[in-house]
């Protein structure tokens, strides 16, 4: 164990972990929303995120920016972020809705057993990944450097970079907006009602299918925002990039308490930080392994996760 590697780079490892954790958290929100309403693990959600990364990249290409194009000026940076955010969110939301309409809704119509939903989710994930792999010839794609990472200021040895501020600020704002939407709006009350008791909600006049479609739109939008942040922070994508990110986001959702929106944020940030500490202590090859070990250990003592509250019982 390399304690010097951990404590010598503690501030950097912490900030990088928070950035990665914020991306995990946004993707985890999609898992949490769908599970909270349908009790379904939407494994295709990892590909919803992946398609968002490509959509943002292609939107930048349409503006004439590629990996060899320098991005100069605040105006260009803001343009790429706004356009990429819109493209990623729209593409991911559209993909999520398509999966719901094509793959899941027919199963619900025929009262299929839970195992059928699980198999369909895995099949949808593989189909989307392989489809994009064929269309892109399985090649990795680089992107323009939207933001040159620079330290803005320091707090007690922690150098706060512009990329960290951007990623964390957008992630927190999206979580706040989603939390307020679910807990304060009429449609949000409909989501919580269906999550708590779908049959009673239907008797009260709530359109269950419309609510489920809304949940997929919201989850897909969160994944699209995460995709934009991934592109800005890491600057590359590939057809299978969603696999590991999706697994970690699912782990983050379970870690925080799947079905709990705030738990998804907490689980994502914790997972990102612990992973980076492990890489500093044991080496980079232990990074992915450690996060899942943390999940197993936590569930041994707290099976419902850190916050462990279902969406249907959530309070503002």
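To keep it simple, each residue is scored yes or no on (1) within 17 Å of residue 29 (Cα to Cα); (2) more than 16 Å from the chain's Cα centre (by Cα); (3) assigned to a helix (DSSP H, G or I); (4) at pLDDT below 95.
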{"position": "52", "(1), (2), (3), (4)": "yes, no, yes, no"}
{"position": "58", "(1), (2), (3), (4)": "no, yes, yes, no"}
{"position": "66", "(1), (2), (3), (4)": "no, yes, no, yes"}
{"position": "76", "(1), (2), (3), (4)": "no, yes, yes, yes"}
{"position": "80", "(1), (2), (3), (4)": "no, yes, yes, no"}
{"position": "83", "(1), (2), (3), (4)": "no, yes, yes, no"}
{"position": "88", "(1), (2), (3), (4)": "yes, no, yes, no"}
{"position": "102", "(1), (2), (3), (4)": "no, yes, yes, no"}
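May I ask you to list the residues in region 228-237 that are surrounded by fewer than 23 Cβ atoms within 10 Å (Cβ to Cβ) and touching a helix residue (DSSP H, G or I) at 6+ places or on another chain (Cβ under 7 Å)?
Correct list: 233 only.
Quick grid of which residues meet (1) surrounded by 24 or more Cβ atoms within 10 Å (Cβ to Cβ); (2) touching a strand residue (DSSP E or B) at 6+ places or on another chain (Cβ under 9 Å); (3) assigned to a helix (DSSP H, G or I); (4) at pLDDT 95 or above:
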{"residue": "226", "(1), (2), (3), (4)": "yes, no, yes, yes"}
{"residue": "239", "(1), (2), (3), (4)": "yes, no, no, yes"}
{"residue": "290", "(1), (2), (3), (4)": "no, no, yes, no"}
{"residue": "293", "(1), (2), (3), (4)": "no, no, yes, no"}
{"residue": "298", "(1), (2), (3), (4)": "no, no, yes, no"}
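Testing residue 11 on (1) closer than 21 Å to residue 141 by Cβ; (2) at pLDDT below 95; (3) touching a strand residue (DSSP E or B) at 6+ places or on another chain (Cβ under 8 Å), one condition comes back false. Which one is that?
In the conditions (1) closer than 21 Å to residue 141 by Cβ; (2) at pLDDT below 95; (3) touching a strand residue (DSSP E or B) at 6+ places or on another chain (Cβ under 8 Å), residue 11 misses (1) alone.
Just to check your reading of the model, which residue among 36, 75 is more than 19 Å from residue 172 (Cβ to Cβ) and surrounded by fewer than 20 Cβ atoms within 10 Å (Cβ to Cβ)? First the steps, then the outcome.
Details: 36 fails: surrounded by fewer than 20 Cβ atoms within 10 Å (Cβ to Cβ).
Exactly one residue qualifies, and that residue is 75.
Is it the case that some residue within region 87-99 is crowded, with 16+ Cβ neighbours inside 10 Å, touching a helix residue (DSSP H, G or I) at 6+ places or on another chain (Cβ under 8 Å) and more than 30 Å from residue 208 (Cβ to Cβ)?
Yes, that holds for at least one residue.
Report those helices (runs of 4 or more DSSP H) wholly inside region 120-219 carrying at least 1 residues which are buried (at least 20 other Cβ atoms within 10 Å of the Cβ), touching a residue at least 40 places away in the same chain (Cβ under 8 Å) and over 18 Å from the mean Cα position of the chain (by Cα).
Result: 186-196.
The values are calculated or read from the model by the stated rules, or taken from the named source; none is laboratory data. All values reported here derive from a predicted model rather than from experimental measurement. Please note: Cβ atoms are built from the backbone with ideal geometry, for glycine as well, and neighbour counts cover all protein chains shown.
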